[in-house]
Amino acid sequence: MEDFKHNEILDSDYTENNSPWEGVQLASFWQRVGASLVDGLVMIPIYVITLFFITAVYDISFLEAVYSPYVMFNALIPAAYKIIMEGQYGATLGKMAMRLRVVDAEAQKIDINHALRRYVIYGISLISSVVFNAAIILEAENLFVTLGSVNQLISLLVIVSLIFVAFDERKQAVHDKIADTFVIQYNGSYGGGFS
């Protein structure tokens, strides 16, 4: 898959008659940004409900709930959401809204193993954030300063990975390259494991 023109996969290995890649369009950077924004909007009410639940159950203020050990499981919600939705349906709600699907190198819907591999970079960021929040909760100032810098560096890695989509000829983020996946535009008529 060396040559890409007009955002279409054209390699001779994939353009034979009945090829699953024939006519498939890769998702653009902005389509993927739009999908991420929709996913963020999906997560906000879940976070808020969780925080209100924690404040009610543990009789603490909203601010205390944000930095409580109980809210740390809130970090697992987007991980489970992304892995399960992409592994089961080939797309998160944001990708579905933007008519995008995640496929493997054979243009087929990904499985849970691909979804887990796609989450590696986010997972590193998640672990860093959880440890950073633990340092805040434990009031470990020296650890807090060190972890703050590490957390910022890892967050930068995630951002660079996402920006990679804008400049990569295959429109792959680093997590797509790790999992050998692609995000495609889905028009409803393409078979690719989604019909």
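Only the coordinates and a few stated rules stand behind these numbers; no lab work does. Values in this document were obtained by computation on a predicted structure and should not be read as measured data. FYI the Cβ positions are ideal-geometry reconstructions off the backbone, even for glycines, and counts take in every protein chain you see.
From the phi of every residue in the range 19-24, what ³J(HN,Hα) in whole Hz does the Karplus formula 6.51 cos²θ - 1.76 cosθ + 1.60 yield, where θ is phi - 60° and glycine or proline is x?
Calculated HN-Hα couplings, in order: 5, x, 8, 4, x, 6 Hz.
Apply the Karplus curve 6.51 cos²θ - 1.76 cosθ + 1.60, θ = phi - 60°, to the phi angles in the range 45-61 and return the couplings in whole Hz, x for Gly and Pro.
x, 5, 4, 5, 4, 4, 5, 5, 4, 5, 5, 6, 5, 9, 6, 10, 6
Pop out the ³J(HN,Hα) list for the range 76-81 in order, Karplus 6.51 cos²θ - 1.76 cosθ + 1.60 with θ = phi - 60°, rounded to Hz; leave Gly and Pro as x.
7, 4, x, 5, 4, 4
Listing Leu100, Leu76 from the residue with the fewest other Cβ atoms within 10 Å to the one with the most, what is the order?
Exposure proxy ranking, most exposed first: Leu76, Leu100.
For Gln25, enumerate residues with amide H under 5 Å from its amide H, sequence gap 5+ or separate chain, H modeled in the peptide plane.
Long-range HN contacts for Gln25: Gln185.
What residues qualify as long-range amide H neighbours of Leu100, i.e. H under 5 Å apart, gap of 5 or more or another chain, H built at 1.01 Å from N?
Under 5 Å from the amide H of Leu100 lie the amide H atoms of Tyr186, each far enough along the sequence or on another chain.
Using a Förster radius of 22 Å, what is the FRET efficiency between Met72 and Gln185 based on their Cβ-Cβ separation? Nearest 0.05, please.
After rounding, the FRET efficiency stands at 0.05.
Based on other C-beta atoms within 10 Å, arrange Met85, Met72 from fewest to most.
Lowest to highest Cβ neighbour count: Met72, Met85.
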